[in-house]
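One structure is given below, encoded as C-alpha cells.
The values are calculated or read from the model by the stated rules, or taken from the named source; none is laboratory data. Please read these numbers as outputs of a predicted model, since none were measured by experiment. Glycine also receives a Cβ, built like all others from the backbone with ideal geometry; neighbour counts cover every protein chain displayed.
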Amino acid sequence: MLRVILELTDQVQAAIDAGDWQRAQSLETERRAGLERLVAEHATRADLGTALTALAQGSHRLIGLVEHHKRRVLREAATVRTSHAGASAYEATGATS
C-alpha cells in the first residue's frame, strides 16, 4: 500500500508538471483514499510514523508545486487583463488603422 501511495504522489507531481490538472486531482483523490486506508489498517504499527513522514514530505512538495503554478497562472491572467485593457483603450482612441 505504501509503495502505491508513493507512486501516486510521483504521478500527481508529473500530472502537475504536465499541466494536466484534472488528472492530478483524480490521482490526488486516489492517493488520499490510500492514505486513509493505510492509517486505518496500520495505526498501531511503529513504522507507520516513518512512512507518514515520507508521505508528508511528498505532500508538502506537491503543495509548493501547486502554489508555484497558481502564482504563475495568476500573473499570466493579470498580464492578459492588462493587455486587453490596453487594446480596448487603444481602440477607443480611434487609433486603429
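Pairs under 9 Å by beta carbon, first residue closer than 20 Å to residue 24 by Cα in the stretch 47-59, partner among the acidic types (Asp, Glu), six or more apart or different chains?
Pairs found: 58/10.
Please go through the stretch 26-59 and give me each residue that is modelled with pLDDT of 90 or more and out of contact with any helix residue (DSSP H, G or I) (no Cβ under 7 Å at 6 or more places or on another chain), ordered by number.
Correct list: 26, 29, 33.
Filter the stretch 1-25 down to the residues that are among the polar types (S, T, N, Q) and within 26 Å of residue 41 (Cβ to Cβ), then identify the one that is surrounded by the most Cβ atoms within 10 Å (Cβ to Cβ).
For the stretch 1-25, the residue satisfying everything is 9.
Evaluate the following for residue 77: is it surrounded by 10 or more Cβ atoms within 10 Å (Cβ to Cβ) and among the small types (Gly, Ala, Ser)?
Answer is yes for this residue.
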